[in-house]
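Written out below as structure tokens is the structure these notes cover.
Read-outs throughout are calculated quantities, based only on the coordinates presented, and are distinct from any laboratory measurement. Values in this document were obtained by computation on a predicted structure and should not be read as measured data. Every residue, glycine among them, receives a Cβ derived from its backbone with ideal geometry; neighbour counts consider all protein chains shown.
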Amino acid sequence: MPNKLWVEKYRPSSIDTYVFQNERHRQKFTQYIEDGSIPHLLLEGDTGTGKTTLAFLLKNELGIDDTDFKVLNASDENSVDIIRNEIKAFAKTMPMGDFKIIFLDEADFLTRNAQGALRRLMEQYSDTFRFILTTNHPHKILDAIRSRCQEYKFEQFDKKEMAIHCYKILKQEGITVTDAELIKQYVDECYPDMRKLLQSLETNCVDGELQDYIEVGDTTKTLVSIVEQLSKGKWLEVRASIIENIEEHEWDDIYRFLYENLDQVDGFDDILNWKQGIVIIADHLRFHGQVAEPEINFSSCMIRLSGVIN
């Protein structure tokens, strides 16, 4: 049997071993477990801050049977049909225990129509059904959903705590660290994403020794060359490269990258063109969470941007 990935191997196994950034949160979630019940929950915060881990801990600590626990990732399944058909069908059947839980990860990817249908389910089946929603972008969640949930904002991990956690794991794995500054580099590069930090450490440990930090991932490599390619007028090539390499959850990062670097692209160093370009990016980012095909929305954005300077 292959060894577990470090992300799974060192995932907290109980509420007592979970690292809360907020003592009030610890008290509230401990109380939920003691009471044997939870309200609808909306867990907000950056990637890698423990939202998903806590959702699964609650499932285990509350003794929810596997048949009463359903997991969906809204970045993959975000249409109103998923809510009306799959989730509603799950909610309509009686639970084996006191209640069922739907864990809806990355709920900010749900379309507005899907969120509207979700709101109605939250009202209709509240006696035997609970939702745990996670989001990196709470402003994309409708107020009607947020008002029906108890919201918890997950703060970023302290860098010192992340470094200490690194040392503990590396020691347990028998990994040699020759330079303390190397740990600091890993933390700085991955902050505040604890999951990315563990993945990076595991990837870069060779023959029992931690190597220099190396960023991995096709998307990162793609971003490096975007400005240069756009300055050469290769808008269609950049569009195709991004669509080929991007993960569903990374679209917001692409729009943010365009916003932060547009003035570096030839033609957009002109202030009037830059202003027009920023408005275009904002338009397509605003509609991103509502469209059925993010690739079409992004392609339209690139066409409009290229038209500003061509």
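See the values below:
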{"quantity": "Rg followed by Dmax, in Å, when region 113-186 is reduced to its Cα trace", "calculated": "20.6, 59"}
{"quantity": "Region 1-77: relative contact order as a whole-number percent, Cα under 8 Å and 6+ apart", "calculated": "36 percent"}
{"quantity": "For the chain, convex hull of alpha carbons as volume per residue, Å³", "calculated": "164 Å³"}
{"quantity": "Theoretical gain in end-to-end length, Asn22 to Asn60 [0.36 nm per residue, Cα-Cα removed]", "calculated": "11.5 nm"}
{"quantity": "Rg/Rh (Cα only; Kirkwood hydrodynamic radius) as it applies to region 65-193", "calculated": "1.14"}
{"quantity": "Distance in nm between pseudo-label sites at Asp127 and Asp46 (7 Å out along the Cβ direction from Cα)", "calculated": "4.4 nm"}
{"quantity": "Helix-only [θ]222 nm of the chain, DSSP H runs n ≥ 4, -39500 (n - 2.57) each, per residue, nearest 500", "calculated": "-15000 deg cm²/dmol"}
{"quantity": "Relative contact order of the chain, defined on C-alpha pairs under 8 angstrom at six or more residues apart (%)", "calculated": "18 percent"}
{"quantity": "Nonlocal amide H pairs with Phe154, under 5 Å, H built at 1.01 Å", "calculated": "Glu44, Gly45"}
{"quantity": "Highest to lowest packing among 8-19, 99-110, 131-142, scored as the average C-beta count within 10 Å", "calculated": "99-110, 131-142, 8-19"}
{"quantity": "Backbone N within region 247-268 under 17 Å of label point (7 Å from Asn310 Cα along the Cβ vector)", "calculated": "265-268"}
{"quantity": "Integer Hz, Karplus 6.51/-1.76/1.60 couplings in order for region 87-92, x for Gly and Pro", "calculated": "6, 5, 4, 5, 6, 6"}
{"quantity": "Fraction of beta bridges assigned by DSSP in the chain that are antiparallel (%, nearest 5)", "calculated": "10 percent"}
{"quantity": "Extreme residue, positive dipole direction of the chain, given options Ser126, Leu272, Val19 (C-beta unit charges)", "calculated": "Ser126"}
{"quantity": "Potential extension, Asp207-Asp76 segment - 0.36 nm per residue separation minus Cα distance", "calculated": "43.4 nm"}
{"quantity": "Cα-projected label distance for Glu295 with Val177, points at 7 Å along beta-carbon direction, nm", "calculated": "4.2 nm"}
{"quantity": "Per-pair calculated FRET efficiency, R0 = 30 Å: Asp270 and Lys184 via Cβ, rounded to 0.05", "calculated": "0.15"}
{"quantity": "Backbone N under 15 Å from the Ile278 label point (7 Å along Cα→Cβ), restricted to region 245-267", "calculated": "256-265"}
{"quantity": "Segments 74-80, 60-66 sorted - mean Cβ within 10 Å per residue, highest first", "calculated": "74-80, 60-66"}
{"quantity": "Inter-part distance where region 116-158 and region 44-93 are each reduced to a Cα centre, Å", "calculated": "11 Å"}
